[in-house]
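Presented below is the structure to which this report refers.
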Amino acid sequence: MEPKIKSKRWNSELENSISEEWKKSWPYGFDEKSKKPVYSIDTPPPYVNTPVHIGQATTYVLMDMFARFRRMTGSNVLFPLGLDRNGLPIEMAAEKKSGKKLTEMPRKEAITLCHKILEESSLASVDSFRKLGISFNSWKKGKGIGELYETDSPDYRSLTQETFIDMLKKGLIYEDARVNNFCPGCQTTLADAEVNYENRAGFFYNVRFRVKETGEDIIIATTRPELLCTIGMVIFNPSDKKYRHLEGKTAVAPLFEKEIPIKSHPSAEMDKGTGIMMVCSFGDLADIRFFREEKLEPVVAINKDGTMNKHAGFLEGLTVSDARKKMAEELEKSDLIVEKIPTSEHRTPICERSKDAIEFIDMPEFYVKQVEFKADMKKHAKKMKFFAPKSRQIMLDWIDSVSIDWPISRRRFYATEVPLWYCRKCEQKIVPPKGGYYQPWKEEPPKGSDGLKGGKCEKCGSSDFRGEERVFDTWFDSSISPLYILKYHKEPKGFFEKNSPCSLRPQGKEIIRTWLYYTVLKDWLLTGKVIFDDVWINYHILDEKGKKMSKSLGNVIDPQKVLKMFGAEPFRLWAAIEGNLEKTDFRCSFERIQGAGKTLTKLWNVSRFISMFPQPKSRPGKLTPLDEWIISEVDGIVNDAKKSYERYDFHNPVARIKNFIWETFASHYMELVKQRAYNEEGKFAKEEAESARYALHHVLDRLMRVLAPVLPFLTHSVYGDLRRKDVHAEAFPEPDEKLLKKKCDFSAEDLMTANSAIWKAKKDKGLSLREGINSAKLPKKLKSIEKDMKATHGIKELKYGSKLAIKI
RNA sequence: GGGCGAUUAACUCAGCGGCUAGAGUGCUUCCCUUACAAGGAAGAAGUCGGCGGUUCAAAUCCGUCAUCGCCUACCA
């Protein structure tokens, strides 16, 4: 008998030919006319200027498994690909490439440089996605449902602006000048979510102050001596006896001779530093809060370029870090520093993008209200189903730590423009109508804007307008991705109404506080809905040594390299089996991806073996007990896999399926059924052979379908060769309930133990596995498969007892 | 400082109240048996981080300590 499948192993060239086939007619487009329920996946748009690395590729592969599985269970899957092209990362790349600061050139020029970066940005990521077999709805850019979208397209940006106009009118957005995180390098205000902390080396300076009334010295520790000129108060803990006599007295700041009140305050801890501290405006966010609560007048001594201003006296013009050094020197000269203790533990807030130290500067910015919605947000976080459930806590913790509203305006260039104009004469605000894409820095306000009357300022009649120059935080854009893909702006009462909330948000744990949090907040404020049903949070793929992949460490693995070395299928199988990305990080190892390839070879050859036998047209009237057993085994596994897949767990079921293929099926069932399936010597009845062939094909069929989401190429190839159908268009298999409930006489373990004992006995005697044995005693439960046991092992006399015994 | 997670075979990981604790890789011995030598068969290998406790029963639950990660915070 000749197998229908010719080659002896799976190879990645077969992937290429299937890719070519799919290129000609892409089978995964979104069908708007379909009556099936929509299952929507809000995929994370990767940045285009750097290609995705293997860790990200792993997450998209897993998302693809979710999508493919849902298609097989009767959903119309919305699985669009988006590309992120807005914001600081693009501007940073442009600055690096040109060697110039964008903030120091005309805006048009800066934008031209960004466009250049975007044009040159390779589409390596998109190519990787294609080769990995990811079934996004479309690879074509467009505005249609499911088409590839870009976050800087006029269509996307107009939705971003529309949401701003809406929220502004609803009073959910306001403008205010308050002290906030400011990055001197990027020259813009930042939200808390964009600030990271790093331990940086520095010093504790123990500085000598004088008490005006008593003339005594007090020693105050600080890491920011350059802020001495902004000191607002000196405080000590109310229960600290050492300083109690100073209550209400006046401290004199050294060098500046500034007089400030000394008070007791619970936020001063007795065992920190010297137990008495100075509060300056502003070393950190806590200082801001303190000044606000104590109604102190802050002195802002730092300019927005990160240099000291006139309030800093002799430090004026110096950068913050130079000023710190200079101040320390001056204090030392005057013998005002008692001690200087080096520390590597000084926690410094830094800009997530540029890594510059954050300063606190007041600027007028737009804010989205969020503090007053903390309780609502916690309710929403509890409503969404998190996979894994423990990931919910990350979001709850973050909500707890929110203390100020969300500043959304940025003083940068390549991002969505804040769509506003102002009358130059009377500062009347001009708000354009929803639906357009506006660039106020280079356009006049459009007709129909609020605040205009006949093209003139409604209030003063002037026609001289100033366009807003600020842009939005990129998260203000990103947080509407589910609205965009569900066509909120095009069909709020149609497609959106019908198909929201979005079924699934898959994303990394590190952007829970940004992407997930902001999306849930903003989309709820706009639509009144909790925008996601399910949230799948992935952990990270680490490098071979267990280190996080990052460009700076130089340990980034390109998926193209993996594709070239092994192809998509071993990588996909590895991604499913290696670890549980919902719960923990795991490592990327080429050795282990290659190892996954062995299972492909096994599965391929199992298929090849089965392909030798014709598939019976219908189910034989009677199946042998062995065949009934294997069918109930595979059906049970498929049934459990379905339940796990629904919970986004591919790891456990696929590992189990892999084990089933190698052990239960290939090593034991196939060995036992071979002779009967061949039936070349006519030892078995025709019906018995038919039963074997039916069971073999049944198992193959189930394996192909249950693995189709994981191994789209291999299953497509095998199923296509043997069934002439596309496995991806098949339904996910339902078990044979009758067989599943029927109890077999024996278990898989009984069978394996018996086989192993016989093989071991032969081996111990130095016999080949093909040689026969005279007698064997097997457990009674195996009696129903006597014929198969005899034929497989060549047993002449078979007896039964409670114990297993082999005689040769 | 607070929180979360991890610690299981040489390595990478499953298992998370109940039969002698599993898998892959690696290792040892034998075998080209007509699906597969990128294979097959057999095998060695673990006081499940330490210490206490709950239970008839503990990798599994509780407490505590240690080490390593991550998140979070007003450590002057």
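Heavy-atom accessible area, probed at 1.4 angstrom with all protein chains present, ranks A:346, A:697, A:245 as A:245, A:346, A:697, highest first. Projected label points at residue A:752 and residue A:565, each 7 Å from Cα along the beta carbon direction, are separated by 3.1 nanometres. With N the number of residues in the stretch A:432-545, Rg(Cα) / (2.2 N^0.38 Å) evaluates to 1.46. The coefficient of translational diffusion for the stretch A:119-199, derived via Stokes-Einstein from the alpha carbon Kirkwood radius under 25 °C and 0.890 mPa s, stands at 145 µm²/s. Equivalent ellipsoid of the stretch A:527-628: semi-axes from √(5λ) of the C-alpha gyration tensor, largest first, are 38, 24, 12 Å.
By the beta carbon rule, with partners counted only under 4.7 Å, chain A holds these lone Cys residues: A:114, A:229, A:280, A:502, A:588, A:744. Measuring r between the beta carbons of residue A:780 and residue A:687 and using R0 = 22 Å, the FRET efficiency lands at 0.30. Accessible surface of the stretch A:253-397, 1.4 Å probe: 51 percent of it comes from carbon and sulfur atoms. Among A:662, A:10, the order of accessible area from largest down is A:662, A:10, computed with a 1.4 Å probe on protein heavy atoms.
Per-residue extension of 0.36 nm, minus the Cα-Cα distance of residue A:493 and residue A:104, leaves a gain of 135.5 nm for this segment. Computed packing ranks the peptides A:318-328, A:402-412, A:681-691 as A:402-412, A:318-328, A:681-691, most packed first, by mean other Cβ atoms within 10 Å. Across the stretch A:254-262, computed HN-Hα scalar couplings (Karplus, 6.51 cos²θ - 1.76 cosθ + 1.60, θ = phi - 60°) run x, 6, 7, 6, 8, 9, 9, x, 10 Hz from first to last residue, x flagging Gly and Pro.
Take the alpha carbon gyration tensor of the stretch A:250-303, find the square roots of its eigenvalues, order them as a ≥ b ≥ c, and report rounded if a/c is under 1.5; if not, report prolate when a/b exceeds b/c, else oblate. Since a/c reaches 1.5 but b/c is at least a/b, the shape of the stretch A:250-303 is classed as oblate. Per residue, the average separation of C-alpha pairs within less than 8 Å and at least 6 apart gives chain A a relative contact order of 14 percent. With a ≥ b ≥ c the root eigenvalues of the C-alpha gyration tensor of the stretch A:269-342, is it rounded (a/c under 1.5), prolate (a/b larger than b/c) or oblate? Note, shape of the stretch A:269-342 comes out oblate. For chain A, the longest principal axis of the Cα atoms and the long axis of helix A:107-120 meet at an angle of about 20 degrees. Amide H contacts under 5 Å for residue A:542: A:586, A:587, A:588, restricted to partners 5 or more places along the chain or on a different chain, H placed in the peptide plane at 1.01 Å from N.
Electrostatic bookkeeping for residue A:322 treats Lys and Arg as +1 and Asp and Glu as -1; over the other residues with beta carbon under 11 Å from its beta carbon, the sum is +1. Percent of C-alpha pairs per 20 Å bin in chain A, short distances first: 13, 36, 28, 16, 7, 1.
Per residue, the average separation of C-alpha pairs within less than 8 Å and at least 6 apart gives the stretch A:637-777 a relative contact order of 19 percent.
Expressed as a whole percentage, what fraction of the accessible surface of the stretch A:577-709 belongs to carbon and sulfur atoms when a 1.4 Å probe is rolled over the protein heavy atoms? Here it works out to 43 percent. Annotation: the antiparallel percentage among DSSP beta bridges lying fully within chain A is about 70. Using a simple spin-label model with pseudo-atoms 7 Å out from Cα toward Cβ, residue A:439 and residue A:724 lie 5.7 nm apart.
Taking A:50, A:343 and ordering them by how much accessible surface each has at a 1.4 Å probe, largest first, produces A:50, A:343. Annotation: for a label point projected 7 angstrom from Cα along Cα→Cβ of residue A:464, residues of the stretch A:423-438 with backbone N closer than 13 Å are A:423-427.
As a ratio to 2.2 N^0.38 Å, the alpha-carbon radius of gyration computed for the stretch A:83-168 takes the value 1.31.
Taking every DSSP helix (H) stretch of at least 4 residues in chain A, weighting each as -39,500 (n - 2.57) and dividing the sum by the residue count yields a mean residue ellipticity at 222 nm of -11000 deg cm²/dmol. Proximity of backbone amide H atoms, modeled 1.01 Å from N, is registered between residue A:773 and A:795, A:796 at under 5 Å, excluding neighbours fewer than 5 places apart on the same chain. 3J(HN,Hα) couplings calculated from phi for the stretch A:294-302 with the Karplus curve 6.51 cos²θ - 1.76 cosθ + 1.60 (θ = phi - 60°) are, in sequence order, 8, 6, 8, 8, x, 10, 9, 10, 10 Hz; Gly and Pro show x. For the stretch A:213-305, the tally of Lys pairs with Cα-Cα distances below 26 Å comes to 18, considering only residues 8 or more apart or on different chains. Using a probe of 1.4 Å, the accessible surface attributed to residue A:174 totals some 50 Å² when neighbouring protein chains are kept in position.
Each of residue A:656 and residue A:743 was given a label point 7 Å from its Cα along the Cα-to-Cβ line. The distance between the two points is 2.1 nm. When both the stretch A:30-58 and the stretch A:178-236 are represented by their alpha-carbon centers, they are found 45 Å apart. Seen through its C-alpha gyration tensor, with square-root eigenvalues sorted a ≥ b ≥ c, the stretch A:431-470 comes out oblate because a/c lies at 1.5 or above while a/b is not bigger than b/c. Amide H contacts under 5 Å for residue A:508: A:538, restricted to partners 5 or more places along the chain or on a different chain, H placed in the peptide plane at 1.01 Å from N.
In the context of the full set of protein chains, residues of chain A present 44 Å² of accessible surface per residue (probe radius 1.4 Å, heavy atoms only). Annotation: average projected area of the stretch A:337-382 is 7.3 square nanometres, based on the convex hull of Cα atoms across all directions.
The values are calculated or read from the model by the stated rules, or taken from the named source; none is laboratory data. Note that this is a predicted model, so its numbers are computed, not measured. FYI the Cβ positions are ideal-geometry reconstructions off the backbone, even for glycines, and counts take in every protein chain you see. Just so you know, the surface numbers come from the protein's heavy atoms only, side chains and all, with ligands and any DNA or RNA stripped out. Shrake-Rupley method; radii C 1.70, N 1.55, O 1.52, S 1.80 Å.
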